[in-house]
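Derivation of every value follows stated rules applied to the coordinates shown; laboratory data play no part. Fair warning: this is a prediction, and the values are worked out from it, not measured in the lab. Every residue, glycine as well, gets a Cβ built from its backbone with ideal geometry; the counts of neighbours run over all protein chains shown.
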Amino acid sequence: MRRALIVDWGGVLTAPITHAMQRWAAEEGLPYAETMAILDWYAPQPGEDHMMHALERGEVDAQGIANWLSDELHEHYGIAISPDGLIQRMFDHFEPHDEILNLCREARAAGWVTALLSNSWDNPYPRERWDNAFDAVLISGEIGMRKPEERIFLHALNVLCVEAAHTVFVDDEEPNIIAARELGITAIFAQDQHAAAAELRVILQA
């Protein structure tokens, strides 16, 4: 039986995203709550779209989003900021967290096929840290699809040549977990990375 492990990047292979976002907002002098309200990419209902969705599908680049965010902050809150390089600097605050990455390597060594499935914000990835961890790296902005769209999960399953019932998925965003489970994928909600790693370890050792 061919088994697959698919994991997210931000918040799964890094420290929690909120930590990075809070440090970024403080460094940029941005009001955190107001900025997050604008960037709330999971707020729209199914069928609706959002500028952040376009970014994640690669239809808009990071500078375009920074310009939009600057305009939104000024229009709604009277806050004036320079958009130059704003989003790219956010990723300077993302710190690696290797517990689940190491489990990916263990799974792959044990015969599982593995993939990283990440919604990108036109950001660089530390691919040099992923040696021997993944059979496939699927970045939303490179393939024109985003989580939690059903088609991106189907694409990942097709790339790995595996059935949903034989796949485990780890992510830190609940809409993505729900979407994966609706397809029959075993999904681990990484609200707490240590707990998620422990749950994954049990599955890998079964």
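Things to note:
- Per-residue Karplus couplings for the range 178-194, computed as 6.51 cos²θ - 1.76 cosθ + 1.60 with θ equal to phi - 60°, are listed in order as 4, 4, 5, 5, 5, 8, x, 7, 6, 10, 10, 8, 8, 5, 10, 5, 5 Hz, Gly and Pro entered as x.
- Each residue of the range 50-66 was assigned a 3J(HN,Hα) from its phi angle through the Karplus curve 6.51 cos²θ - 1.76 cosθ + 1.60 (θ = phi - 60°); the sequence is 8, 4, 5, 5, 4, 4, 5, 8, x, 8, 9, 9, 4, 5, x, 5, 4 Hz, with glycine and proline shown as x.
- Along the range 125-139 the Karplus relation, 6.51 cos²θ - 1.76 cosθ + 1.60 evaluated at θ = phi - 60°, assigns HN-Hα couplings of 10, x, 4, 5, 8, 9, 3, 6, 9, 9, 7, 8, 10, 10, 10 Hz to successive residues, with x for each Gly and Pro.
- Dipole check for the range 15-171: with +1 at the C-beta of Lys and Arg, -1 at the C-beta of Asp and Glu, and the Cα centre as origin, the magnitude is about 460 Debye.
- Relative packing of peptides 188-197, 28-37 - highest average C-beta neighbours within 10 Å first: 188-197, 28-37
- Relative contact order of the chain: 27 percent, from C-alpha pairs under 8 Å at least 6 residues apart in sequence.
- The range 162-206: relative contact order in percent, alpha carbon pairs under 8 Å with at least 6 residues between: 35 percent
- Dipole of the chain, positive end: most advanced residue of ILE81, GLY141, HIS166 [Cβ charges, Cα centre]: HIS166
- Electrostatic dipole magnitude of the range 17-92 [Cβ: Lys, Arg +1; Asp, Glu -1; Cα centre; debye, to 20]: 220 debye
- Anisotropy class of the range 17-92 from Cα gyration tensor, a/c 1.5 cut: rounded
- Helix-only arithmetic for the chain: the sum of -39500 (n - 2.57) across DSSP H runs with n ≥ 4, divided by the residue total, places the mean residue ellipticity at 222 nm at -13000 deg cm²/dmol.
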